[in-house]
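Please treat every number below as a calculation from the coordinates, not as lab data. All of these numbers come straight from a predicted model, not from anything done at the bench. When we count neighbours, we look across all protein chains shown, and the Cβ atoms used for this are built from the backbone with ideal geometry, even at glycine.
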Amino acid sequence: MKDLYNSHRVGGHCVNRPLILSQRTAALGPDTPIVFQESCLGVSDDQSRIVLRRYFEHFSPTSAHWVEYVHSISAADLVAWIMTHGQLHIECSDHTGSQHKETSL
């Protein structure tokens with residue numbers, strides 16, 4: 001089995017301590033391979049890139065096969081995309097009390 005939590009390099013950037021978004025393990029029967037899937041979100045060491053890693057493994061007593069897909073995007077590009085396309089929630093306080101405003105793009 002691959003060491004999932006060891007830091008690794010993506011485009012020259014080292015990725016550490018990812019946030020696990022999903023994790024599944026399944027076996028369809030007693031004599032079938034175990035299937036393991038995991039998706040993690042991390043940040044490069046210099047915090048310039050957001051990294052999504054998707055890992056898949058089929059494991060049995062006689063063999064193990066795995067594949068990992070690593071996607072990354074500039075943190076600045078992701079922030080710009082969220083500000084353009086994301087849902088905005090504004091909270092503020094003033095002399096009249098707390099006000100909430102939400103907008104949907």
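Observations
- Mean Cβ count within 10 Å, highest first, over the residues of peptides 41-47, 65-71: 41-47, 65-71
- Full-extension gain in nm, ASP45 to THR25, via 0.36 nm per residue minus C-alpha separation: 4.3 nm
- Sites ARG17 and TRP81 - FRET efficiency at Förster radius 22 Å, r taken between beta-carbons, to 0.05: 0.40
- For the range 32-72: Kirkwood Rh in Å [reciprocal of mean 1/r, alpha carbons]: 11.5 Å
- One decimal place: the segment ARG54-ILE73 gains 5.4 nm when fully extended, by the rule 0.36 nm per residue minus the C-alpha distance.
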